[in-house]
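Accompanying notes for the structure given below.
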Amino acid sequence: MPDPLDAFASIEANPMPAGLETGFLDLGRGVRLRYAVGRGPAEMTSRGTVILLQGRNEAIEKYFETIGDLNRLGFTVATFDWRGQGGSGRLGPWPRVGHLPRFALLEGDLHRFLADVVLDRCPGPYAVLAHSMGGLVALTATRILSPHVERMALIAPLVALPGSPALRRAQGLVAGLLHGCGLGFLPVRRARRVGPGSSLGGNALTSDGGRFERNRALQDAAPHLFVDALSASWLRAVLKASRRLDDSDRIAALDLPALFLLPGDDRVVSTPAAERLAWRMRSGHSIRLPGARHELLQEADAFREPALAAIEAFFAGALPKADPLPRVDESLLERAVAAEATPATEPLSR
């Protein structure tokens, strides 16, 4: 099997954006985070940096198209694979099981990436674009982001898992018991993925046939980037983190302007819970896209393009387009050069 920490997996259907840089952050204890920075065309002045936070069971390669789109809009993009997925180091005994002992580890990953990569190497101002689990991290780690980030756009944030509160309590009880007994590494939940045997109509992630096949080809070519199941400890950590977002004092502390972009046909996370949180926040508002599935940035253009337009418009207030350079009259420039090259003459004596 390929080394998960090798360079990007590349397939014809998923070309890498030009000039994408990669590196690794050493977190100790054998865990490294793989990151990438996309700077866009050299002749374009950056509007600032979009910090792209992935969802669960995703990888940098899955966002090649989106990184390229954001670069063409003038944004630098900085992203990384969370620990336990993608090209970053795994936790737990089984690499194909997504394991997470504590949610605070993800907040720590974000803090380290922000300090060592974004603030150190990427131009400001800064905004966050987060999907699903990445949105949950952004919301719980707002205290880390607020001193540096101007705005955040959250796509299908994992504010709550679908189902009734009673079902979530039962899931939390079982996951907590396994975690407390030292069996938190056991798989208890299937990871969402476009895998073998899945069909376009039956999957909950995208309704776009081309992007569905592209993501399936990527998973076939680089299975080491993805996991098949999620552990009991992962479920416990996510349920505990999402419950914090019910607390009124914590909601009052969410001071970053936030745009929630919510797919109307989301079967992976709870859209009503995200809408309710956006309504309760001082600076949050939401847009629902009827018919769209969970992975809005992997969706059909009818859903994806309006979402990208809304994101750019929301970010533009803090990350405006650079003023174009004034046009130079080339004839004036040629005459100035010619005059500079002509030797000065002595005045005629009378």
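Listing for the model above:
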read-out	value
Bridge type composition, the range 1-145 - antiparallel percent by DSSP, nearest 5	55 percent
Relative exposure of D228, D249, judged by other C-beta atoms within 10 Å (fewest first)	D249, D228
Euclidean distance of C-alpha centroids, the range 229-256 and the range 127-191, integer Å	5 Å
The range 134-239 - Rg (one decimal) and Dmax (whole number), Cα, Å	16.8, 46
Residue order, fewest to most beta carbons within 10 Å, for W279, W94	W279, W94
Cα gyration tensor shape for the range 143-183, rounded if a/c is under 1.5, else prolate or oblate	oblate
Formal net charge of residues neighbouring P263 (Cβ-Cβ distance under 10 Å; K, R +1; D, E -1)	-1
Contour minus Cα-Cα distance for A7 and E213 (0.36 nm per residue)	71.9 nm
Most to least packed among 112-125, 64-77 [average Cβ atoms within 10 Å]	64-77, 112-125
Convex hull volume per residue for the range 32-176, taking Cα atoms only, in Å³	118 Å³
Among A141, A127, A237 the positive-end extreme of the charge dipole of the range 21-341 (Cβ point charges)	A237
Acute angle (nearest 10 degrees) that the helix 330-341 long axis makes with the longest principal axis of the chain, alpha-carbon atoms	50 degrees
For the range 21-341, share of DSSP beta bridges that run antiparallel, in % to the nearest 5	35 percent
Cα coordinate range in the chain, projected on the principal axes (Å, largest first)	108, 48, 42
Rounded to 10°, Cα long-axis angle of helix 232-244 versus longest principal axis of the chain	70 degrees
Likely footprinting exposure, E305, E107, fewest C-beta neighbours within 10 Å first	E305, E107
Between 0 and 90°, nearest 10: helix 209-221 axis offset from the chain longest Cα axis	80 degrees
222 nm mean residue ellipticity, helices alone, for the chain (DSSP H n ≥ 4; -39,500 (n - 2.57); rounded to 500)	-10000 deg cm²/dmol
Unit charges on C-beta of K, R, D, E only; dipole of the chain, Debye	1760 debye
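Laboratory data are not the source of any read-out in this text; all were calculated from the coordinates shown. Quick caveat: nothing in here was measured; it's all calculated off a predicted structure. Methodologically, a virtual Cβ is constructed for each residue, glycine included, from the backbone with ideal geometry; neighbour enumeration extends over all protein chains shown.
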